[in-house]
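The structure appears right after this line, and notes come after that.
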Amino acid sequence: MIVRRKNSFIALLPLMTMLGLFIAAIAGLVGVNSTPASAATIEPGFCRASIVFDRSSSVGTKDLLTLRKHVERLFQVGGIYDDKVELAFWSFSSNPYRKPVGYNNPLHDFVSSKGVHVGFSQSLAKLRAFGGTNYEQALAHADGKQNSDVKPIADRTDIIVFLTDGMPSPAGSREGARKAALKYYAEGRTILGGLIGTTSRHMNYVLNGSEKNGTNTFNVSGNYNDLSLVLKQQILKKCNELNPPCEYNAELPATSPDCKVTPYTLTPIVSANPSIREVGESVSYAYSITNGRTDSRPKVNYSTIGLRVNSGVSTGPVIGYTNGYKDDSSSSVAAIGNSLVAQLGGSSKAAVVSGGPSGVWTPSTGIGAESFAIPADARVGDKYCRILVIEKPTEANNPKYRYSSAACVAVGSKPKVHVYGGDVQVGRSFTNDSVRSLGSIVRTSTTRLGTKTFGSWSEYGIMAPGTITGMASRAGLQGGNMASTQNIWSSLSFANEETIGEFNDVASGWIPDITDALLRIYDKATAPRYSGNVALQPTHKGLYVASGDITLGSYDFSTPGQTIVIYAPSSTVTINGNLTYGSQRMSSLGEIPQLVIIADRINITSGVSRVDAWLVASGESGRIDTCSDITALSVLVCEKQLTITGPVTAKQLLLKRTAGAQGSDDISRDTPAEIFNMRADAYLWVYALTANERRVVTTYTSELSPRF
Amino acid sequence: MKHKKQRRFQLPRLSFRIKVVLGVIAALILITVVTVVIIRLQAGKGNTEADDQYQQIIREAEADGRLRNQAKAEISKGNEAAADEVYQQAIVKERDVNKKIELYIDLANVLYDTGRPYDAIDTVKKAEALSDDKFLAADWLSRAYESQDDYVSAIKYYKLAGQSVASPQNEYLFEKSYYDREVARVMRLQGRGN
């Protein structure tokens, strides 16, 4: 009766309870929760990428941490960070139960890449490594059937980025993955394969049907430390291919209704810094393009033309334009270059040389600078020029090209000076000076070539009340110096605190009054006169007073003991030929010849290569000019090396010789234009003159500390 | 009158077939439970520490998410000071300096995402001042300055980050060469014209 039915219900209740527990137990095998996909409406112009994360047991805990950090970085400034790019993810390893759902958890639906998304980050945190590397499950399929959890995501994805650090496990899963890939391709989706320290052949097969075809695969470092960079590059590159930018505005997709011709006008600009360089030195060319319309964002091709213009050829209006550019409709950039060479005078005057950068310009990419080294075979006076060419500088089809005025660097030379046997000292005054030279400095050029620095140097010390820049003391730059900092080669340069130079005591000193000392020995009143062109003779001895400006021709002091003192305090003495002391043997101090020139100005003409004399320019001008007959300098003039043997004192010293400082070896580079040689015979001659001695008797010695 | 003694709970008499079915079901349940226990034991074998770490990561992600959502909600209401306060309270409570810096950077990301880049930069500057270890702050500032076209500052912080790659804050495992390349890239951008 009813009791039986009631009893039946009661009896069946435990069975139903056990069945319920059974179902719950099975459900309990399923892992973590995931955020189910929603079926949102797809908007055009967006790019959606689904990243598939490998969470097999080979992925270590540290790797997962690094992976999470890098993925979160995609949503931050500097990452993808683009409201037109959306990201989703699902994960995989191998689900031994092969159930239709669950094996791609954790996962998350699409979110904008512009800004960190809380739910996405929280789902990402649930990644945990366990199991094999089932390639079919990676593509959200099992036994040929798609995971229904992932289907809403996959149906809206443009790009699947399949990341794995291992080979397929089980091995047969790659066939299933290949079939899944073909299904996605048929749906119009793209698959990229990211290999994290593993072989590519299985991924190649899944994506492309061949183990050797690596199309759309890329590598990530084994410790994931470039994951964000690589994912950003790969996803944005593929998004740009799938949604190419508007050709008129790089920030709009081509499908945008706003993608239409926007007027623009671009101007190419190039500059060279510095504008003169020696052979082997580098110059920087800076390129830029300005847009006259700020409301347009064009994208154009650019290239550069390199020209070498030979020494002596004027460039003028050929490659320099009033408004800074020129429009052209030549057939090609090469044709423009050839045309410019022809306008400069042909191949004997100029030539096209290798150019600088080329590529695609948008307002956000710009053009980098170019470093160019003057070639070893460049001649002084040649110019190396760059011209920036834009293709389609306006929205119209004409002009086809617009190119800039050229920026040129001239090949120059930096002559050097050497001082032997004595110091360089500036800032002292002659006793008759009314103006003190308290701020006198020493400043010479240096050249850095390869690993060495070359420059002017003194064998001994340098003293100045102002700064000393470039010039080395203690022969610090002889043959070039590996160091590029001046401190290294300035060990005998007087310094004050941290600056080389600024040794103010120098400014309080006086130049020894050589004139006064000599005039105490020689009688000016009875001295014979020199005037006009003077031909020195062996019979000339003692003091000679100049009547106006005089010119000395070449002379060799071969007569033993010949001393000539030329006194021209208000006149100019021009040296027009070599004055040499001769090479005869001498057996006493009295046989040492000397020439002393005391003048207002001392000019040495360009043909002179050697002057053995004291040069004392103590007059009102006090100028010594080492190439007085030339005003416009070039390497073709004043090119003889000049050696001056003897003390030199002056208010102004114009070093105008252009010899040396060229060539490719250290000796050539270190060859000076002028040599000042303070030789010991000058000291011996003074000693003999003042002490009336013919021999040197050494009764004591006082030595300077050895110089190495 | 004779009353039949009735048992209150009396199992129905079952046929042999039903008994077999019930037996199979019971066996299945038993096997399932045992299997689940074995699998979980195997997975958990020696992984207690890993489990703890995993749970910690999830808890931290949830806590970070709550802070972020709270701050975003305040900003959407126009209460920027309240958004700042949400993070400040968390920063004050946090003892670990590196975690404080991460919280500042989280706040900076919220500010940046809501259109306040310079407030974001100022926030990370505060984080920079917290420690001699500048890696995280420099890494974020370099990207932020670059996005604002301040290439000089971007290069400065890329270089600083590159010098700090040995920092324990560097969970990205970036090497110095990565930052050297970023410096070179931004220097090329410096030559752009607009």
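The values are calculated or read from the model by the stated rules, or taken from the named source; none is laboratory data. This is a predicted model, so every value here is computed, not measured. Quick reminder, even Gly has a Cβ in these numbers, built from the backbone with ideal geometry, and neighbours come from all protein chains shown. Keep in mind that these areas ignore ligands, DNA and RNA; they rest on the heavy atoms of the full protein, side chains included. Shrake-Rupley method; radii C 1.70, N 1.55, O 1.52, S 1.80 Å.
Counting only protein heavy atoms and a 1.4 Å probe, tell me what percentage of chain B's accessible area is made up of carbon and sulfur.
54
Derived scalar couplings between HN and Hα for the range A:136-149 equal 5, 5, 4, 8, 6, 10, 9, 6, x, 10, 6, 5, 5, 5 Hz in order, rounded to whole Hz, by the Karplus curve 6.51 cos²θ - 1.76 cosθ + 1.60 (θ = phi - 60°), x for Gly and Pro. For A:Glu187 and A:Asn533, the difference between the fully extended length at 0.36 nm per residue and the C-alpha to C-alpha distance is 114.4 nm.
Residues in the range A:474-481 carry Karplus couplings, in order, of 6, 6, x, 10, 5, x, x, 10 Hz; the curve used is 6.51 cos²θ - 1.76 cosθ + 1.60 with θ = phi - 60°, and Gly or Pro positions show x.
By the scheme Lys and Arg +1, Asp and Glu -1, what is the net charge of all other residues having a beta-carbon under 12 Å from that of B:Ala81? Charge balance near B:Ala81 sits at -4. Residues of the range B:18-33 that lose at least 30 Å² of accessible area (1.4 Å probe, protein heavy atoms only) when the other protein chains are present, relative to their chain alone, are B:Leu22, B:Ile25, B:Ile29, B:Thr32.
The relative contact order of chain A comes to 7 percent, based on Cα pairs under 8 Å that sit 6 or more residues apart. I'd like the distance between the alpha-carbon centres of the range A:444-513 and the range B:20-36, rounded to an integer number of Å. Using only Cα atoms to place each centre, the spacing works out to 97 Å. Each part reduced to its alpha carbon centroid, the range A:178-203 and the range A:609-647 end up 80 Å apart. Between the range A:228-255 and the range A:319-341, how many Å separate their Cα centres? Here the answer is 33 Å between Cα centres.
Note on the range A:622-685: Rg/Rh from C-alpha atoms, Kirkwood Rh, equals 1.04.
So what is the accessible area of the range A:415-503 per residue, in Å², with the probe set to 1.4 Å?
Ligands and nucleic acids excluded, the result is 46 Å² per residue.
Find the Cα radius of gyration of the range A:436-539, compare it with 2.2 N^0.38 Å by division, and give the number to two decimals. Ratio of Cα Rg to 2.2 N^0.38 Å: 1.56.
Short-range pairs are left out: with C-alpha atoms under 8 Å and at least six residues apart, the relative contact order of the range B:42-118 is 23 percent. Rounded to the nearest 500, the helix-only mean residue ellipticity at 222 nm of the protein assembly as shown stands at -10000 deg cm²/dmol, with each DSSP H run of n ≥ 4 adding -39,500 (n - 2.57). By the rule of a C-alpha distance below 18 Å, with chain neighbours fewer than 8 residues away ignored, the lysines paired with A:Lys416 are A:Lys452, A:Lys640, A:Lys656.
Bridging of A:Lys392 to lysines at a Cα separation below 28 Å is possible for A:Lys237, A:Lys238, A:Lys260, A:Lys299, A:Lys326, A:Lys400, once same-chain residues fewer than 8 apart are set aside. Would you mind checking the range A:601-629 for residues with the amide N under 16 Å from a putative spin-label position 7 Å along Cα→C-beta of A:Lys640? Inside the label zone: A:603-613, A:625-629.
Amide H contacts of A:Gly214 (H built 1.01 Å from N, in plane; Pro and chain starts excluded): no residue 5 or more places away or on another chain comes under 5 Å.
When the solvent-accessible area of the range A:189-266 is split by element, carbon and sulfur atoms take up 47 percent of it, the probe being 1.4 Å.
What residues from the range A:627-654 fall in the zone where the backbone N is under 18 Å from a label point 7 Å along the Cα-to-C-beta line of A:Tyr420? Counting backbone N atoms under 18 Å from the label point, the list is A:640-648. With N counted as the residues of chain A, its alpha-carbon radius of gyration over 2.2 N^0.38 Å works out to 1.61.
Mark the label point 7 Å from the Cα of A:Gln478 along Cα→Cβ and return the residues of the range A:634-672 whose backbone N is within less than 17 Å of it. Under cut-off, by backbone N: A:666-672. Net length available on complete extension from A:Asp83 to A:Asn223 is 47.5 nm, with 0.36 nm assigned per residue and the Cα-Cα distance removed. Viscosity 0.692 mPa s, temperature 37 °C: what is the translational diffusion coefficient of the range B:46-120 from Stokes-Einstein with a Kirkwood Rh over Cα pairs, rounded to a whole number of µm²/s? In µm²/s, the coefficient is 248. Here the spin labels are modelled as points 7 Å beyond Cα on the Cα-Cβ line, and at B:Glu85 and A:Asp433 they lie 7.5 nm apart.
Residue-wise HN-Hα couplings along the range A:220-234, as the Karplus relation 6.51 cos²θ - 1.76 cosθ + 1.60 with θ = phi - 60° gives them from phi, are 10, 5, x, 9, 6, 7, 10, 4, 5, 5, 5, 4, 4, 4, 5 Hz; Gly and Pro carry x.
Here is the list for the range B:16-117: trypsin sites (Lys or Arg not before Pro) lying in DSSP coil, each with at most 12 other C-beta atoms within 10 angstrom of its C-beta, are B:Lys45, B:Lys77, B:Arg95. Within the range A:511-616, the trypsin sites (Lys or Arg not before Pro) that combine a DSSP coil assignment with at most 16 other C-beta atoms in a 10 angstrom radius are A:Lys524, A:Lys541, A:Arg585.
What the range A:265-306 shows is 40 Å² of accessible area per residue, with the surface traced by a 1.4 Å probe over protein heavy atoms. For A:Leu107, the amide hydrogen comes within under 5 Å of the amide hydrogens of A:Thr35, counting only partners 5 or more places away or on other chains and with H modelled in the peptide plane. Of all DSSP bridge pairs formed entirely within the range A:412-500, close to 45 percent run antiparallel. The H on the amide N of A:Thr563, modeled in the peptide plane, is under 5 Å from the matching H of A:Gly542, A:Gln594, each at least 5 residues off or on a different chain. Distance between the modelled labels on A:Glu175 and B:Asp96, one decimal in nanometres: 4.8 nm (7 Å Cα→Cβ projection). The chymotrypsin sites (Phe, Trp or Tyr not before Pro) of the range A:319-375 that DSSP puts in a loop, and whose beta carbon has at most 16 other beta carbons within 10 Å, are A:Tyr321. Grouping the Cα pair distances of the range A:160-278 into 10 Å bins from zero gives a pair-distance distribution of 11, 30, 23, 16, 13, 5, 1 percent in increasing distance order.
Nearest 100 Å² is fine: how much accessible area is buried between B and A, summed over both sides, with a 1.4 Å probe?
4100
Taking a ≥ b ≥ c as the square roots of the eigenvalues of the Cα gyration tensor, the range B:67-194 is oblate, since a/c reaches 1.5 or more and a/b is not larger than b/c. Considering only alpha-carbon pairs that sit under 8 angstrom and 6 or more positions apart, the relative contact order computed for the range A:214-309 is 22 percent.
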